[in-house]
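The values are calculated or read from the model by the stated rules, or taken from the named source; none is laboratory data. Predicted model, so just to flag it, every value in this text is computed and none were measured. Glycine gets a Cβ as well: all are built from the backbone with ideal geometry, and neighbour counts include every protein chain shown. To get the accessible areas, we keep the full protein, side chains included, count just its heavy atoms, and leave off ligands, DNA and RNA. Shrake-Rupley method; radii C 1.70, N 1.55, O 1.52, S 1.80 Å.
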Amino acid sequence: MKSTAWLSLLGFLWSATANPLVGLLDPACQVVRGECPNKNVSFWLYSNSTRDNPILLNPLDLNPWDFQPPRPLKILIHGYTGYRDFAPNSFIRPVLLDNEDVYVISIDYGPLVRYPCYIQAVQNLPLVSRCLAQLINNLVDRGIVANEQIHLIGFSLGGQVAGQTANYVKRKLRRITGLDPAKPLFILGPNSRRLDPGDGDFVDVIHTDVFGRGILRASGHVDFYPNFGAQQPGCMEENMEDPGSCNHERATRFYAESINSTVGFWGRQCSSWLVQLLGLCPTTGAQAQMGYHVSEDIRGSYFLKTASNSPYALGKLEDVDNSQALAKFHLNLEHNEIDDDYEPQLLEAFLELEAVKVLVKMDEGDLDKQLEWIDHEDEEPFQTRDDPIQLDPLSPQKDLFEPRLPLKILIHGFIGNRNLTPNLEVRDVLLQTQPVNVISVDYETLVRWPCYFPWAVNNAPIVSECLGQMINNLISSGISGREDIHLIGFSLGAQVAGMVANYVSQPLARITGLDPAGPGFMMLPSLQQKLDSSDADFVDIIHTDPFFFSMLPPMGHADFYPNLDQLNQRAGQNAGVVAAAVAAGQNQTQVYVTDSCLQKPYRCPHPKIQFYLYTRRTQEQPEFIDVLDANALYYTHFNPRHPTKIIIHGFGGGRTLSPSPDLREAYFSVGEYNIIIVDYADAVKEPCLSQMDWAPRFGSLCISQLVKYLARHPRGVQPDDLHFIGYSVGAHIAGLVANYLKPEEGKLGRITALDPTIFFYAGANNSRDLDTTDAHFVDVVHTGAGILGQWHSSGHADFYVNGGTRQPACVGSATLFQTLACDHTKVTPYFIESITTTRGFYAGPCPNLFSYLIGWCEPKDSEYVLMGEHCSHKARGNYYVTTNAKAPFARGFPGKGRSNGEYQGVRR
């Protein structure tokens, strides 16, 4: 799964409203299996004569007289938490019956889509679609309604129901209208599971909540995006608590009004949502009408404005000639198609320089106009503070600068500009307290909301190259010396500052990173793509939000972590405020530099990395194994006939801290074992974050010494008979041991990785991350994936518990960080229980989380495997398992009687 996929998923997980995973583990939420007709799906026929007393239809016993005289048939399909009098019915049905000579069928499948059961609702849609297809097939087969007279209109989930119905009808549907088709769990699904142009002869779609409940991807022959399909005017005032709900519902209101509007909803075509967002579409030319009276000959994406209150339609758009403004832009239309793997799908909205692949190409002169260089001179106090001077980066004017004064260059972050952080907090303090020149870089047009990833992230190198060009010119013209230049970047601007090092002719003297941006940079393998200590003679970093939007790992020569003990820094200090205080010379007593906590020399064995043997007889009196003493093993109770487990704790752990004692107790409750605890607590404790990057490698070197000692000792065991169990960073340490074993020295038998940490280990380097080459069998259990734990598969068998990200027992923790930490640590109780349980954690194979959540994976009974201690070494691939919210967590074997498949219809 691509990184953007899980990032999108996390957006859903932590959304305050409309969270699709709320009812994932609610016992009241059920997936219904059954045949059609089904008691949970009913069809109600309305006409002008029956609008107050609709007829309940029996799909197997239809009365032709109910459909006389012949008229077009409109079928309205509600969405999540809806019913037959819910949107779109409440808005569209009355207008249709008042203005059109039609029959209307309102579907009611409310029992299958109740709150909070969104996951189960999505899994129930195929049943609804099959029953609707059964009704349509019978109506057409019996000649009651002509197929070309049928028009499906679906809102939200109902739009996806309409698309899935195409899988089961005997004849292709003539027209489908999708009103803001639902997005959660449909982004990465196949076309057979979501609305697409292949579902009917003509499919028109209206998008009104593309950053919330609705899908952004173009889904029809023609797609309309009122108000960019995002924030609908008036919704913030109409529903301040949940404006997204209003945005979503506006699609039904617009469509209802379009039926009898005298002015109409008119839009103008643009090649894609992205190009329209950048303002690169013509504002003259042909227009098309959205809604009920749309022309079935048009194709593509159309954009329009609406009023904030009813009536919403504004009529035809005014022509404004922007051809001259567009003349300097050259669109590469080959790359304007929307990619299926991204939501929103704006893959390559990047201005082109020689090293960057782009969609939109600009002349170099035009690019310079996108970047402002604002100079603040201190020759006379505050001379240009209120009236800054825009610099020409190709030929900066020497007389604007006070010679040889230090030059501070401030670089804002995402959705920033020259007057926002860090400029807002730092610039005035610098000018008031220091003899300096200040340049504020403004690249606002390249980092606009909501285009952070991948657009703003990929625009960052462009800003860096332009800034590097200006610095080179400042130095070559003698305006500033290399040693006088100090870059200060906030968030995304800190990463821009780091990348400037790639483009300057002389090394930078100093870079200060204020809470460098994490998303989009954390997993980049190349240091040239992000800030690090090699980018300047001195790099200092202030981390104030390391667990959410910025970087936790040390990145500079000195890294400061203010108020780290509070963890949730969004309630603490802001990086710009801290930087302003530092600039003013204030003492920051809560800021500390992370130093090493291991004493030199760094060679194995090391007194702070020790091995303690526990057996049933020595549970309270562990025995120290000295790998330099050839006789040490003889003096212990080590028994080569008993299985040997080597347990490696994580950050902040130790041999007397969880999970080490609990694992020992569980093993000794069921049998005889040699359990060796690797105790390296001093290497991974606060505030020793600076060595989190290298201490695991050093620790694994020392552990490999233990492995070789056991292999050579007459009373020892070979590496092939060892089972390593590593939690968090300990999982990676177990994998790193393999780097120090030569082929002739053997290979580790098994590594069990318990939620391997994501920090410092992004899956980019197999010699440093856990992978399948590290042991004969590697099994991985994920419980905090994508947050504190790794998301990607790294073993022969990877087990994702309750989806792999959120654990039911952790919901409701006091703070967000406590919830995230709970998800990460919950892996150890699961594994401990797997040692002793008689029920077992049975997991079924499934390729990815979306397939699992949507219910596409229905394993055969023979395909289930046990997760945990008793996992089969033949298991391969990704597995998903559900647990109870409280101990005992294991649910046992999931049972039999699963569906063997469904009719796939004439189209697929």
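Before moving on, here are some points about what is shown:
- For Ala509, the residues whose modelled amide H falls within less than 5 Å of its own, excluding neighbours fewer than 5 places apart on the same chain, are Ile485, Asp537.
- Applying a threshold of 25 Å to the alpha-carbon distances of Lys530/Lys826; Lys645/Lys860; Lys645/Lys874; Lys608/Lys708; Lys183/Lys530 flags Lys530/Lys826; Lys645/Lys860; Lys183/Lys530 as lying beyond it.
- Charge tally for His782 (other residues, Cβ to Cβ under 13 Å; Lys, Arg +1; Asp, Glu -1): -2.
- For region 290-301, 3J(HN,Hα) per residue [Karplus equation, 6.51 cos²θ - 1.76 cosθ + 1.60, θ = phi - 60°, Hz, x = Gly/Pro]: 8, x, 4, 9, 4, 6, 7, 8, 7, 9, x, 10
- Lys, Arg +1 and Asp, Glu -1 on Cβ, resulting dipole of region 110-219 about Cα centre, debye, nearest 20: 240 debye
- Here region 171-325 is assigned +1 on the Cβ of each Lys and Arg and -1 on the Cβ of each Asp and Glu. Its dipole about the Cα centre then comes out at about 540 debye.
- The orientation-averaged projection of the convex hull spanning the C-alpha atoms of region 122-182 amounts to 3.6 square nanometres.
- Assigned charges on the beta-carbon of Lys, Arg, Asp, Glu; region 209-262 dipole about Cα centre (debye): 260 debye
- Here's how it looks for Ile409: its modeled amide H is under 5 Å from those of Ile439, His486, Leu487, Ile488, which are all 5 or more places away or on a different chain.
- Note, ³J(HN,Hα) from phi for region 222-230, Karplus 6.51, -1.76, 1.60, rounded to Hz, x at Gly and Pro: 9, 10, 10, 10, x, 6, 6, x, 10
- Amide hydrogen neighbours beyond the local backbone of Ala517, cut-off 5 Å, H modeled: Ser491, Leu492, Ala494, Gln495
- Heavy-atom accessible area per residue - region 418-564, 1.4 Å, Å²: 31 Å²
- When each of the peptides 307-319, 289-301 is scored by how many other beta carbons lie within 10 Å of its residues on average, the order from highest to lowest is 289-301, 307-319.
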